[in-house]
Amino acid sequence: MFLSKLQQENPRLVDAMVALHRSCKLLPDTYVVDLEQFRANARAILDSAQAKGIRLYFMLKQLGRNPRLAQELVKLGYAGAVVVDFREAQIMMRHNIPIGNVGHLVQIPDALVEQVVAYGPEVITVYSEAKVRRINEAAVKLGKVQKLLVRVTGENDHIYSGQTAGISLAELPDFLARIGSLPGIKVVGVTSFPCFLYSEQTGRIEPTPNLQTVLKAKGILHENGVEPEVINTPSATCVSTLELMEQFGGNCGEPGHGLTGTTPLHAHSSQPEKSCCAYLSEVSHNFDGLGYCYGGGFYRRGHVAHALVGTDASRMRSMAVIPPTAESIDYHFGLEKPCTVGETVIMAFRFQIFVTRSDVALLDNLATGEPVIAGIYDSQGDEK
């Protein structure tokens, strides 16, 4: 999906991956991140957001909840992390990373609520009254007032399977009334996901019905005595999306794939953010007229199509990839023709590293021609 972009925008990453694999310094089933380009991408998004008065929480589950990358983003000036679930919250807390938003896609389990509230996230997203009351109990015990975002839903919203949740617009006034007197919480805004998506038809990022739901919810909050401070409109957050966010009235985004130049928009057009992450493998064997390389990093929505195969970065061969079926364990990726066992394989596709068993290698100083491995981590952010 992103292989041609990688070759155009970041050939030095390809060179470094081949060299480090050939010298046995990197193993197959490793995602490799160019730290310098990652910083440049992050800075471009942050500069654009600050000029527009938009607050940014960074999302790193797709990069394996990586704490080193989180630290880099905090240094640049990002407000904190948006954690996709409670396990990611635990990792960020363990590494003293500020948490901007927690609870949006996955609510905090009761056993962890007090610990998370004590840690001090800027906002907790809620979509059930029971969880609000549990957060209130913890906040009162700790002598705090915890700010909340309400995840809202409308009739025509786009909701991914496995993410079904929210307070409906019709229910929202009564919900606000029922929790309005709780002393340990304060509703400060609304959110939904996804508010923006790439359109194959227009070739641009477009608003979804969820965005209109959020804007309607903003009005409902105001009508019910709640002045919304945070209008959180995530998905596909990058420089281009921030322009739409400003236009429609959002003031809080959550860059994830924008940080690596790997949103669908980046696959089809030139953007300020450049490709800085690719997947490294190695030819394992040949069978029945096909080559096979090591897997482990397959994501069902990855749209993997081609790979570079070879031992010399200047003479890599492009060939089609045959991914495993969605119901299968990705022990291997297929290649369209037999290859020499041990050859380097490089792919660039849509990734969600936290649901894989891959490693993540961070490379620094690629611009100098002397790449340095700044760290190797597992898919859950633990250094190896």
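Run down S358, S318 and say which single residue is among the small types (G, A, S) and either loosely packed, with under 15 Cβ neighbours inside 10 Å or more than 23 Å from the chain's Cα centre (by Cα) (or both). It is S318. None of V341, V372 is at pLDDT 95 or above, in contact with a Ser or Thr (Cβ under 9 Å, 6 or more places away or on another chain), β-branched (V, I, T) and farther than 23 Å from K61 by Cα except V341. Residues in the range 39-83 that are under 21 Å from V106 (Cβ atoms) and surrounded by fewer than 22 Cβ atoms within 10 Å (Cβ to Cβ): P67, A79. If the condition is being of a type outside the set (D, E), in the same structural domain as L362 (by TED's automatic domain parsing) and assigned to a loop (DSSP other than H, G, I, E, B), then the range 3-55 contributes N10, S23, C24, K25, L26, L27, P28. Only a single item in (1) at pLDDT below 95; (2) surrounded by fewer than 18 Cβ atoms within 10 Å (Cβ to Cβ) is not met by M1, and it is number (2). Identify, please: which residue in the range 292-307 is more than 18 Å from the chain's Cα centre (by Cα) and of a type outside the set (A, V, I, L, M, F, W, C) and is, among those, farthest from Y160 (Cα to Cα)? In this case the residue turns out to be Y292. Scanning the range 258-279 for residues that are of a type in the set (V, I, T) and in a loop (DSSP other than H, G, I, E, B) yields T262, T263. For the range 326-360, the set of residues classified as more than 11 Å from G297 (Cβ to Cβ), aliphatic (A, V, I, L, M) and out of contact with any strand residue (DSSP E or B) (no Cβ under 9 Å at 6 or more places or on another chain) consists of A326, I329, listed by residue number.
Of all the criteria given as (1) over 19 Å from S358 (Cα atoms); (2) buried (at least 24 other Cβ atoms within 10 Å of the Cβ); (3) aliphatic (A, V, I, L, M), the one not satisfied by L290 is (2). Checking each residue in the range 74-127 for being in contact with a Phe, Trp or Tyr (Cβ under 8 Å, 6 or more places away or on another chain) and either assigned to a strand (DSSP E or B) or among the hydroxyl-bearing types (S, T, Y) (or both) picks out Y78, G80, A81, V82, I99, G100, N101, V102.
So, in the range 235-257, of the ones that are among the acidic types (D, E) and part of a helix (DSSP H, G or I), which residue ends up nearest to A40 (Cα to Cα)? Residue satisfying both the conditions and the ranking: E243.
Yes/no matrix, rows are residues, columns are (1) without any contact (Cβ under 8 Å) to a residue 12 or more places away in the chain; (2) crowded, with 18+ Cβ neighbours inside 10 Å; (3) within 30 Å of Q146 (Cβ to Cβ):
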| site | (1), (2), (3) |
| --- | --- |
| G225 | no, no, yes |
| A236 | no, yes, yes |
| T241 | no, yes, yes |
| C277 | no, yes, no |
| L280 | no, yes, no |
| G297 | no, yes, no |
| A307 | no, yes, no |
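All conditions but one from (1) surrounded by fewer than 16 Cβ atoms within 10 Å (Cβ to Cβ); (2) in contact with a Pro (Cβ under 8 Å, 6 or more places away or on another chain) apply to D157; the one that does not is (1).
Annotation: of all residues in the range 193-223 being among the charged types (D, E, K, R) and either in contact with a Pro (Cβ under 9 Å, 6 or more places away or on another chain) or in contact (Cβ under 8 Å) with a residue 60 or more places away in the chain (or both), the one that is surrounded by the fewest Cβ atoms within 10 Å (Cβ to Cβ) is E200.
Only a single criterion out of (1) without any contact (Cβ under 8 Å) to a residue 60 or more places away in the chain; (2) crowded, with 22+ Cβ neighbours inside 10 Å; (3) under 15 Å from the mean Cα position of the chain (by Cα) is not satisfied by H104, namely (1). When S128 is tested against (1) touching a residue at least 40 places away in the same chain (Cβ under 8 Å); (2) of a type in the set (S, T, N, Q); (3) under 16 Å from V190 (Cβ atoms), exactly one condition is not met: (1).
The values are calculated or read from the model by the stated rules, or taken from the named source; none is laboratory data. Not measured: the values here are computed from a predicted model. Positions of Cβ are generated from backbone atoms using ideal geometry, with glycine treated the same way; all protein chains shown enter the neighbour counts.
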